[in-house]
1. Can you find, within region 64-75, the residue that is surrounded by the most Cβ atoms within 10 Å (Cβ to Cβ) among those that are of a type outside the set (S, T, N, Q) and part of a helix (DSSP H, G or I)?
2. Condition (residue is assigned to a loop (DSSP other than H, G, I, E, B), aliphatic (A, V, I, L, M) and modelled with pLDDT of 95 or more) applied to region 30-37: is it met by at least one residue?
3. Can you tell me which of (1) in a helix (DSSP H, G or I); (2) modelled with pLDDT under 70 is the one Leu61 doesn't meet?
4. If the Cβ limit is 8 Å and pairs must be 6+ apart or interchain, which residue in region 93-109 that is in a helix (DSSP H, G or I) pairs with which residue that is among the polar types (S, T, N, Q) and surrounded by 13 or more Cβ atoms within 10 Å (Cβ to Cβ)?
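The values are calculated or read from the model by the stated rules, or taken from the named source; none is laboratory data. A quick note: this is a predicted structure, and the numbers were derived from the prediction, not measured. No Cβ is skipped: glycine too gets one built from the backbone with ideal geometry, and neighbour counts run over all protein chains shown.
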Amino acid sequence: MARQFGGTGRIFADYSPSTKFTTGPNFGGMSPAAKPLQKAFGQVLRDARKVSGYSQEQLALAGDLDRTFVSLLERGLRQPSLQTLVQIAQVLGVRPGQLVDDAVRRAKR
């Protein structure tokens, strides 16, 4: 779940150290087959961020996101919503589809 933080409009992942990331039909988690794509997206995002010269914090600020959420995306622990994907792509100066296409290709390796 994502929510706004302190009225700033920033979105952050709603998690705590005690949060258990479970999968399965009853928990709303991802299927095991989707995890390679999620991890590949994180690697593509990290590469695109570095090429653009942004730190995680800079990308988060420019994209109106929390830095910890960017970290979770890059580590493949979270997936972006469509809106978040568009925001990130705009900041990085790439098409959202480019990030997705690159992630699909990387996941197939």
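1. Within region 64-75, the first condition is being of a type outside the set (S, T, N, Q), and the residues that meet it are 64-67, 69-70, 72-75.
Filter once more, so that each one left must be part of a helix (DSSP H, G or I): 67, 69-70, 72-74.
Values: Arg67: 16, Phe69: 23, Val70: 29, Leu72: 18, Leu73: 25, Glu74: 20.
Top of the filtered list is Val70.
2. Quick first cut of region 30-37, residues assigned to a loop (DSSP other than H, G, I, E, B) only: 30-31.
Retained after the next criterion (residues that are aliphatic (A, V, I, L, M)): 30.
Narrowing the set further to residues that are modelled with pLDDT of 95 or more leaves none.
No, every residue in region 30-37 fails to be assigned to a loop (DSSP other than H, G, I, E, B), aliphatic (A, V, I, L, M) and modelled with pLDDT of 95 or more.
3. The one condition Leu61 does not meet is (2).
4. Going by the 8 Å Cβ cut-off, the qualifying pairs are Ala103/Gln43; Arg106/Gln43.
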